[in-house]
Amino acid sequence: MKFFVDTADVAEIKDIAATGLLDGVTTNPSLILKSGRPMLETIKEICSIVPGPVSAETVSTDYKTMLEEGRKLAKLAKNVTVKVPLTPDGLKTCKALREEGTMVNVTLCFSAGQALLAAKAGASFISPFVGRIDDQGHDGMELIHEIMTIYTQYPHFKTEVLVASVRHTQHVIQAAKMGAHVATVPPNIIRQLFKHVLTDNGLKAFLDDWAKTGQSIL
Ligand code: G3P
């Protein structure tokens, strides 16, 4: 499974990229606002740090303007993935950009029907927001299962399921168990994936015992 980090904070992206385990980045208008920086320069900088797909979201709702925005974003760097909302105009924009060879991430997906339409529109990625579905008292991971079941029936579908709106490590584990292609994960949750108290305790015990040997490797 590919790991993307869900942030526009360049310092956080650099820190996670240093693990050597980062495959891409997703941003959205709220994450750009949170970064406090101009969007275009931030996306260009992120694309220079992470060679994988970097999602940059359009901010209009009509096809003509979304297409114009998407083309401008795509020119920022070759690894820009234009993000469009799951609306009729968004999917029309997706189809047009894909025909031009631009990667497209269709975002704000909340149903299997929407995901089916996105695959038909040739989306590179579909972003079901599992955390926001959970927030409503439903099972966001059930949507991932539905989408994976549908996509598996049609081998010609090339759309990758990008699990988004991840709230905790169990979302990542469950997504992996279902064979989701990508999870986009907030930096703090990626860090939590590394942590286990028994690892910390076991390492301390090993190093304490090693110290008692009085030996060194170097
Ligand atoms: O960036 C897309 C998605 O991961 C954002 O989800 O619910 O944390 O705003 P959320």
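Read-outs throughout are calculated quantities, based only on the coordinates presented, and are distinct from any laboratory measurement. None of these values were measured; they are calculated from a predicted model. Here Cβ is always computed from backbone atoms with ideal geometry, including for glycine, and neighbour counts include all displayed protein chains.
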Could you tell me how far the Cα centroid of segment 62-127 sits from the Cα centroid of segment 176-194, in Å?
23 Å
Contour minus Cα-Cα span, Leu21 to Lys195, at 0.36 nm per residue, comes to 61.1 nm
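Give the calculated FRET efficiency between Lys78 and Leu218 to the nearest 0.05, with a Förster radius of 45 Å applied to their Cβ-Cβ distance.
On the way: r = 42 Å, r/R0 = 0.94.
Plugging the Cβ-Cβ distance into 1/(1 + (r/R0)^6) gives 0.60.
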For Thr81, residues with placed amide H under 5 Å, excluding near neighbours:
Val54, Ser55, Ala56
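Would you please classify the overall shape of segment 9-144 from the alpha carbon gyration tensor, given that a ≥ b ≥ c denote the square roots of the eigenvalues, rounded means a/c under 1.5, and beyond that prolate means a/b larger than b/c while oblate covers the rest?
Working: a/c = 1.68, a/b = 1.15, b/c = 1.46.
Since a/c reaches 1.5 but b/c is at least a/b, the shape of segment 9-144 is classed as oblate.
Write out the trypsin sites (Lys or Arg not before Pro) in segment 39-83 meeting two conditions: DSSP loop, and at most 14 other Cβ atoms within 10 Å of their Cβ. Don't skip to the answer; put the middle values down first.
Numbers: sites: Lys44, Lys64, Arg71, Lys72, Lys75, Lys78, Lys83; in loops: Lys75, Lys78.
The qualifying sites are Lys75, Lys78.
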Could I have the simple spin-label model distance between Lys95 and Lys64, label points 7 Å from Cα toward Cβ, reported in nm to one decimal?
1.9 nm
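How much of the pair distance distribution for segment 46-116 lies past 14 Å, counting alpha-carbon pairs only, in percent? All intermediate terms of the calculation are to be shown ahead of the outcome.
On the way: 1324 of 2485 pairs.
Within segment 46-116, distances greater than 14 Å cover 53 percent of Cα pairs.
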Counting other Cβ atoms within 10 Å of each Cβ, which trypsin sites (Lys or Arg not before Pro) in segment 106-190 have at most 16 and sit in a DSSP loop?
Lys158, Arg167
Whichever lysines have a C-alpha closer than 29 Å to that of Lys177, once near sequence neighbours (fewer than 8 apart) are set aside:
Lys2, Lys14, Lys83, Lys120, Lys158, Lys195
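In deg cm²/dmol, rounded to 500, what helix-only [θ] at 222 nm does the chain give when every DSSP H run of at least 4 residues adds -39500 (n - 2.57) and the total is split over its residues? Intermediate results must be reported in sequence, preceding the final value.
Values: 11 runs with 113 residues, N = 218.
So the helix-based figure for the chain works out to -15500 deg cm²/dmol.
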Report the residue, chosen from Gln170, Gln136, Gln114, that carries the largest GNM mean-square fluctuation when the chain is represented by alpha-carbon nodes joined by springs under 10 Å.
Gln136
